[in-house]
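**Q** For reference, the structure I am asking about is given below.
The values are calculated or read from the model by the stated rules, or taken from the named source; none is laboratory data. Computed from a predicted structure; not experimentally measured. Glycine gets a Cβ as well: all are built from the backbone with ideal geometry, and neighbour counts include every protein chain shown.
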Amino acid sequence: MHRSHLQHVIFEIGRRFSIPEFHIIGSAAILAALPDPPEGALTATRDVDVIPPNDDERLADRISFVLGEASDFDVEHGYYAQGVTRTSTSPAARRNWDLYVARSCSLDW
Amino acid sequence: MRHSLGEQVLQLLFTEPLGLSEPEIRRRLRPRVSQPTVWRVLNGLRSEGRLTVEGRARSTRYHGSARTDPPTLRSRHLHQRAAARLAGDPSLRDRIRARLLQLRQVNPHGRVYHERWAALLDGPLPALLRTMTEVSEQADVLRKESPFTVLISSRDRRRIFESVQAA
């Protein structure tokens, strides 16, 4: 995944769900800090894990449905957003939180 | 050391890749506990994000969340559906190869996963189908960079999303 893909996903979430600010966690979040990271496992996947405001589970589901795996967005662009919550992610994802949860991404970015 | 009822339920769920229904959980617990008690425990675990609920009413199944957060469970189901289509029509592999080419261009960082899928696509079909549907953390990671989801119809996808919801 490239930084432009992450920017695209952020823009689409803001546009389609009218949420100006949310958190990105997991491997894609490194792109917010490093525009051109070295090739490796941290940037290997094509999904962007998104925590909606207030940890809203229904909104997380909607994000996954509209922009998630196997959606029209995924089929067209080859990358996708995955709505998650702080309580529903796996231990592996939580490990990544430790690295990136402090980085909040907004449409002003 | 004696585990709490919640921990006992989680241990049961972690041993069952396909999850368990509430009656199945209750039958396996020793000493026996009442249905309201099991429901209370399940609701408590769910509120803590420690289990995932699949399906509704009598078909509801519970999965331990350390293995199956909702997106992971959805991905497994999507790939089970894709595998079923591929088993019925192996010629779909050509379409998958085209999708893999697109993913290689979009995400060159995923090369290690793309090469694994490419090797499986060129090999025997049973091995490919097995990897697509395997219940393991390794397979869950591989599926994140999978080319197979283009085989899912929007109707099947909607069904899977309705079945597995975080909320």
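**Q** Would you point out the residue of the stretch B:153-167, among those that are at the interface with chain A (Cβ under 9 Å from one of its Cβ atoms) and farther than 11 Å from B:H77 by Cα, that is surrounded by the fewest Cβ atoms within 10 Å (Cβ to Cβ)?
**A** My answer is B:S154.
**Q** Among the residues of the stretch B:14-44, how many are within 14 Å of chain A (Cβ to nearest Cβ) and at pLDDT 85 or above?
**A** 1
**Q** Suppose the filter is more than 23 Å from B:D156 (Cβ to Cβ) and either surrounded by 19 or more Cβ atoms within 10 Å (Cβ to Cβ) or not hydroxyl-bearing (S, T, Y) (or both); does B:P36 pass it?
**A** Considered against the rule, which asks whether it is more than 23 Å from B:D156 (Cβ to Cβ) and either surrounded by 19 or more Cβ atoms within 10 Å (Cβ to Cβ) or not hydroxyl-bearing (S, T, Y) (or both), B:P36 comes out as yes.
This table checks each residue for (1) out of contact with any Leu (no Cβ under 7 Å at 6 or more places or on another chain); (2) more than 29 Å from A:D61 (Cβ to Cβ); (3) surrounded by 16 or more Cβ atoms within 10 Å (Cβ to Cβ).
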residue: B:R76; (1), (2), (3): yes, no, yes
residue: B:L101; (1), (2), (3): yes, yes, no
residue: B:R104; (1), (2), (3): yes, yes, yes
residue: B:D122; (1), (2), (3): yes, yes, no
residue: B:R130; (1), (2), (3): yes, yes, no
residue: B:L151; (1), (2), (3): no, no, yes
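**Q** Now for a different question. Just one of (1) under 22 Å from the mean Cα position of the chain (by Cα); (2) in contact (Cβ under 8 Å) with a residue 12 or more places away in the chain; (3) in the same structural domain as B:R155 (by TED's automatic domain parsing) trips up B:L12, so point out which.
**A** Checking B:L12 against (1) under 22 Å from the mean Cα position of the chain (by Cα); (2) in contact (Cβ under 8 Å) with a residue 12 or more places away in the chain; (3) in the same structural domain as B:R155 (by TED's automatic domain parsing), the one that fails is (3).
**Q** Just to confirm my filter: which helices (runs of 4 or more DSSP H) fall fully inside the stretch B:45-147 and include at least 1 residues that are within 12 Å of chain A (Cβ to nearest Cβ) and more than 11 Å from the chain's Cα centre (by Cα)?
**A** Of the helices (runs of 4 or more DSSP H) lying wholly inside the stretch B:45-147, those with at least 1 residues that are within 12 Å of chain A (Cβ to nearest Cβ) and more than 11 Å from the chain's Cα centre (by Cα) span B:70-88, B:93-106, B:111-122, B:137-143.
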